[in-house]
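Note sheet for the following structure.
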Ligand SMILES: C[S@@+](CC[C@H](N)C(=O)[O-])C[C@H]1O[C@@H](n2cnc3c(N)ncnc32)[C@H](O)[C@@H]1O
């Protein structure tokens, strides 16, 4: 089988599941990542070895069961960094890259007379560690911390920090448990992409998301979508330095609710931003 036939075979196999453009993108990713065939070489008709064909069959079996291609190949690209993923962590999304870009715009520049705490940043619910690893890569001078309740997610996050050569301080913490907060220091900036999907909304999620991505990362637990936002805001009231910033990733349905919570709890300069698709996606607020 040539690379061109392999590409056509992948697209044909996936057409019942994906739009043609998406199926073609997956074909390009699989050929490049699994077999080292660059997109411009697909038409060159490089021949796949029997071992590569066997591997392609195994990959296609998983893809045909709607498993996301990132889990099948084992990584994704986030802020130009290779980030390992498995089913213990959410697959980092493009919108989260936009959130990181906003955090980087906001983080205090050096040099500045501010104290050390102002340069300490925390990511709550870090999953793969994509947010802290990307921030540290852009701003090595910041002291970057990240927490998650899931030991399995923290294994992946630590691997990503080490593989990318970034120093990140990881904490296994349940952010809903106020007693656990005392173990954490003060921060100049806190960011979170928390779980916010309610049980009642399970049916509107794409089936492959519900089937493959960790429910701990998706669901807020019960029917309060803002459960984590409220708790993390309370945490920020205690663990942000005066003038510090709090960021949330949200979605268009919860953005206004998140803004109200931040305003009610006394945050100022509350600002909502849309993502590249024009949807309310992220929010930032400052502690007075
Ligand atoms: C939506 S995912 C975000 C993952 C990653 N930050 C990203 O943007 O790709 C939410 C994360 O919160 C973690 N989480 C869920 N409940 C938690 C809790 N009570 N305390 C701390 N982390 C929690 C999950 O394990 C998951 O990794």
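The values are calculated or read from the model by the stated rules, or taken from the named source; none is laboratory data. In this text, all values refer to a predicted model and were calculated from it rather than measured experimentally. Using ideal geometry, Cβ is built from the backbone for each residue, glycine included, and neighbour counts are taken over all protein chains shown.
Table: residues versus (1) crowded, with 23+ Cβ neighbours inside 10 Å; (2) touching a residue at least 12 places away in the same chain (Cβ under 8 Å); (3) away from the ligand (no atom under 11 Å from the Cβ); (4) part of a helix (DSSP H, G or I).
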site: 76; (1), (2), (3), (4): no, yes, no, no
site: 83; (1), (2), (3), (4): yes, yes, no, no
site: 88; (1), (2), (3), (4): no, yes, no, no
site: 104; (1), (2), (3), (4): no, yes, yes, yes
site: 109; (1), (2), (3), (4): no, no, yes, no
site: 117; (1), (2), (3), (4): no, yes, yes, yes
Within the stretch 34-52, take every residue that is assigned to a helix (DSSP H, G or I) and within 27 Å of the chain's Cα centre (by Cα) and give me the one that is surrounded by the fewest Cβ atoms within 10 Å (Cβ to Cβ). 39
If only one of 200, 221 is near the ligand (Cβ under 10 Å from one of its atoms) and at pLDDT below 95, which one is it? 221
It is to be established whether one or more residues within the stretch 170-187 are out of contact with any strand residue (DSSP E or B) (no Cβ under 6 Å at 6 or more places or on another chain), free of Cβ contacts under 8 Å to residues at least 40 places away in the same chain, farther than 17 Å from residue 147 by Cα and within 15 Å of the ligand (Cβ to nearest atom). no
With respect to the numbered conditions (1) at pLDDT 95 or above; (2) outside any strand (DSSP E or B); (3) buried (at least 17 other Cβ atoms within 10 Å of the Cβ), which one is the sole condition not fulfilled by residue 121? (2)
